[in-house]
1. For the chain, report the translational diffusion coefficient in µm²/s to the nearest whole number, using Stokes-Einstein at 25 °C, 0.890 mPa s, and a Kirkwood Rh over Cα pairs.
2. Which of the peptides 70-77, 197-204 is most tightly packed, and how do the rest follow, going by the mean number of other Cβ atoms within 10 Å of each residue?
3. Under the rule of -39500 (n - 2.57) per DSSP H run of 4 or more residues, summed and divided by the residues of the chain, what mean residue ellipticity at 222 nm is obtained, to the nearest 500 deg cm²/dmol?
4. Please compute the length gained on full extension between residue 209 and residue 8, using 0.36 nm multiplied by the number of residues separating them and subtracting their Cα-Cα distance.
5. Which angle from 0 to 90°, rounded to the nearest 10, does the C-alpha axis of helix 156-172 make with the longest principal axis of the chain?
6. Report the residue, chosen from 47, 219, 193, that carries the largest GNM mean-square fluctuation when the chain is represented by alpha-carbon nodes joined by springs under 10 Å.
7. Once the Cα atoms of helix 41-54 and of the chain are each reduced to a long axis, what angle between those two axes, in degrees from 0 to 90 to the nearest 10, is obtained?
8. Could you tell me how many degrees, from 0 to 90 and to the nearest 10, lie between the Cα long axis of helix 122-136 and the main elongation axis, the longest principal axis, of the Cα atoms of the chain?
Ligand SMILES: Nc1ncnc2c1ncn2[C@@H]1O[C@H](COP(=O)(O)OP(=O)(O)OP(=O)(O)O)[C@@H](O)[C@H]1O
Ligand SMILES: [Mg+2]
């Protein structure tokens, strides 16, 4: 049957983006969201999970930089009932923010609800994620941001192996996962980051400067297995989160 060759799609919840993707993210894949500070990485990640929760799909947010309470507070300007979804068990949080503060020793990591597990690296984090995914029937994962985890590996080969294993394991969980990554240089003259080569798909959040104005724009750099738009398209923040304008061009 021909349809067996097409990947199922997961609606992103980002208004306008599904049109660029031909329906949504490919099911069961690991997608990287790359952007500069304040470009909307956390908004994107939570919007994706919140939309899934509205559809009845349980979402898991793994925070690697900030405490979950801070993340929620920063998203209060959107009309999302995150606490309500959390109470219903449709949004779960893992606090892995302790990881960024140390080099390699074990740290405390709190899965939802407050009970804690020790984690030291990708492997420990995966174990905790898998336990929650299996126990709570999670369908969507967002990990925000992966940058501090990557910095734990000095040696390139070890970093590459750990990243491949991590992305593969997330895909094996059966969930469709988003991983955010921080961009430290301008998008126009940047070097590609290792995680971009290793993930199944990459969405770039550009912050551009044009005639004295800041222009926000999204671009699907790659999405293995599907045909998609590759143009740079404008987006903006509103009370419902990020909205992409799929027919408009920036240049
Ligand atoms: N209700 C709103 N209306 C308009 N813009 C908003 C609204 N809420 C947030 N923003 C914009 O979203 C930006 C922050 O988004 P977000 O925290 O998702 O970015 P980020 O890429 O995760 O940032 P960081 O690099 O600090 O982690 C703010 O700088 C602000 O410009
Ligand atoms: Mg953020």
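No lab work stands behind these numbers, since they all come straight from the coordinates. No experiment lies behind these values; they were computed from the predicted model shown. Note that we place each Cβ from the backbone using ideal geometry, even for glycine, and neighbour counts take in every protein chain shown.
1. Numbers: Rh = 18.4 Å.
D = 133 µm²/s.
2. Working: 70-77: 13.8, 197-204: 21.2.
Ranking, from highest mean packing down: 197-204, 70-77.
3. Numbers: 8 runs with 73 residues, N = 251.
Value at 222 nm, helices only, nearest 500: -8500 deg cm²/dmol.
4. Numbers: separation 201, 0.36 × 201 = 72.36 nm, distance 3.66 nm.
That works out to 68.7 nm of additional length.
5. Roughly 90 degrees between the two axes.
6. 193
7. The helix 41-54 is inclined about 80 degrees to the chain.
8. 90
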